[in-house]
Every structure is written in C-alpha cells, then in structure tokens.
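Just so you know, all these numbers are worked out from the coordinates, no wet-lab data involved. Remember, predicted model here, so these are calculated numbers, not experimental data. So basically every Cβ, Gly included, is an ideal-geometry build from the backbone, and we count neighbours across all protein chains shown.
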Amino acid sequence: MYSTETKISAVKEYIKTGDKGRTAKKYGVSLSTMDKWRRAYEKDGFEDKKEYSKEFKEKVVGDALVDGITASARNHKVTRDLVYKWLEEHNQNVKESRPKGKTQWHNIDGLNGYYA
C-alpha cells in the first residue's frame, strides 16, 4: 500500500517529466498503476489536487486547437488526458451555443469534436 503523499509525488513527477515508464520504475509500480494514480489525481482522488482557473483552461484549449494537444499539455505542464477533458467540455459548450445546422466537425490530434 502506498501513501497518498507517495502517489502525489509520483503523479507530479510523471506530469512534469512526461515519462510514465521511468516514473513507474522509480516508484516500483506498474504502468497501469501509474495511469490509475494519474486519473485519480486529475479527477478528485487526491486532497491537494490543483484547481485550474477558467482562464487557464481556455488558454490550454486555445493552444491545443492551434498547436495540438501534446504540445499544449507539455507547454502548460498538464497531462494530455486533462487537455482532452477540457477540449470535450469546450466542445460541448460550443455545440450547445451554436445554431442548429451550423456546427463544424474537426479532428484535432485524433480527438473528434466541435469547436468554433
């Protein structure tokens, strides 16, 4: 059993370096465990989960639309999964605000979705 502090340290290191394999090996866990911890950290599973402002999320999404998801995640020090999540939220907001029949479909880094 790993402490919450260990899990947080591992996830933060993984996010910072982007190297899941090396981080998992350093902490003595499998790649799937590393993914599980990361998802829990991003979702609600850890107490000191960072809160992101609306402006920050919009900047990350904007950069993802221009530069791609991977580049945006790397530049803003967040995971690709988080960028995907924010893009999906953005797409839903755009979809709901656009008139019927005027929606455009785009493929961004393999993520299909709507955007203005």
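Shape of the range 4-43 from its Cα gyration tensor (a ≥ b ≥ c, root eigenvalues): rounded if a/c is under 1.5, otherwise prolate when a/b > b/c, or oblate? Don't skip to the end; give the middle numbers.
Working: a/c = 1.35, a/b = 1.26, b/c = 1.07.
It is rounded, given that a/c, with a ≥ b ≥ c, falls under 1.5.
The peptide list 76-89, 54-67, put in order of mean Cβ contacts within 10 Å with the highest first, becomes 76-89, 54-67.
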